[in-house]
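Let me begin by presenting the structure, written as structure tokens, before commenting on it.
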């Protein structure tokens, strides 16, 4: 004979003690105030962002760091999240923001790299509206390319520094070398021809199609080594005429202090790329250039995340101490 228990009856007995979940990395965020915000752009898009502020005293109530993610990343993934937490815990407000390149934008045709300039402008505007008048741009991987191009073209007076992490000299060049190394299918040249044939020399989104590239990130034919693009998103960010994706063209026009923090064991970015970028910045309009390499780091800084985080914090602290910053407007 079985008995049926009332699932809603009050249970008696000794409760097991509640064990608090430990944070995955770093320290807990009890010392921070976080606000999830929506950032509207001039072309009627809306992107998510998270504003991190110290609960108590800030280093400078007018100062904020804007963090821009890498390829197929987003505002709370990987290194952008690490930077946001750490800088805010050190008393510096941060906004980590999505762009149209986040998540799966390049998979479905919406992630056109030039349009991300509007997204960065909207995030800068969101910070200004919240009273921040001194802004440091911080870009990781593809985000390094985006913030370099943005400042070179627009140079808003509120921006007092540009900090780049895992910064490629050219997104098209990096992808082309990687595809050649692994024997991609289609090849880089074949992809150019296929995109031109499909789009017929136009940029018509109605003609756009999704394409899978095998052996794009590794030697196998499995999904783990494949990349997904549309013809338009590939041309706009990795094609031979994707000039906005080439920091070599723009870094010399950066007019504020610049940091280039590289990973010493990066399989995607060669050591000489950071050296060339720093040299071009020094030969151009940049008043101060800092180049640093994190020992033992791969592109995502696995296991040595703190090295990159502390390098960024040290540089931002130096720049914000020495920069008087723009006058409020």
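The values are calculated or read from the model by the stated rules, or taken from the named source; none is laboratory data. Since this is a predicted model, take the numbers as computed values, not measurements. Every residue, glycine among them, receives a Cβ derived from its backbone with ideal geometry; neighbour counts consider all protein chains shown.
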Here are the criteria: (1) over 14 Å from residue 168 (Cβ atoms); (2) within 16 Å of the chain's Cα centre (by Cα). Tell me which single one residue 282 does not satisfy. (2)
Of everything in segment 176-227, what is more than 27 Å from residue 267 (Cβ to Cβ), free of Cβ contacts under 8 Å to residues at least 60 places away in the same chain and in a loop (DSSP other than H, G, I, E, B)? Give them in sequence order. 200, 201, 202, 203, 204, 209
Unmet criterion (only one of (1) part of a loop (DSSP other than H, G, I, E, B); (2) modelled with pLDDT under 95) for residue 321: (1)
Looking at segment 91-103, which of the residues that are part of a loop (DSSP other than H, G, I, E, B) and in contact with a strand residue (DSSP E or B) (Cβ under 8 Å, 6 or more places away or on another chain) is surrounded by the most Cβ atoms within 10 Å (Cβ to Cβ)? 99
For segment 218-234, does any single residue satisfy the condition of being more than 26 Å from residue 283 (Cβ to Cβ), out of contact with any strand residue (DSSP E or B) (no Cβ under 8 Å at 6 or more places or on another chain), crowded, with 19+ Cβ neighbours inside 10 Å and not assigned by TED's automatic domain parsing to the domain that holds residue 314? yes
Filtering segment 49-88 down to residues that are without any contact (Cβ under 8 Å) to a residue 40 or more places away in the chain and in a strand (DSSP E or B) yields 54
Single unsatisfied condition, residue 151 versus (1) modelled with pLDDT under 95; (2) crowded, with 20+ Cβ neighbours inside 10 Å: (1)
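To keep it simple, each residue is scored yes or no on (1) in the same structural domain as residue 91 (by TED's automatic domain parsing); (2) within 17 Å of residue 142 (Cα to Cα); (3) in contact with a strand residue (DSSP E or B) (Cβ under 9 Å, 6 or more places away or on another chain).
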{"site": "256", "(1), (2), (3)": "yes, no, yes"}
{"site": "264", "(1), (2), (3)": "yes, no, yes"}
{"site": "267", "(1), (2), (3)": "yes, yes, no"}
{"site": "283", "(1), (2), (3)": "yes, no, no"}
{"site": "290", "(1), (2), (3)": "yes, no, yes"}
{"site": "296", "(1), (2), (3)": "yes, no, yes"}
{"site": "304", "(1), (2), (3)": "yes, no, yes"}
{"site": "317", "(1), (2), (3)": "yes, no, no"}
Can you spot a residue in segment 308-318 that is in a loop (DSSP other than H, G, I, E, B) and either modelled with pLDDT under 95 or more than 17 Å from residue 144 (Cβ to Cβ) (or both)? no
Might you check whether a residue that is crowded, with 22+ Cβ neighbours inside 10 Å, part of a strand (DSSP E or B) and free of Cβ contacts under 8 Å to residues at least 60 places away in the same chain occurs anywhere in segment 249-269? no
Among the residues of segment 22-40 satisfying the criterion of being at pLDDT 50 or above and out of contact with any strand residue (DSSP E or B) (no Cβ under 7 Å at 6 or more places or on another chain), which is surrounded by the most Cβ atoms within 10 Å (Cβ to Cβ)? 29
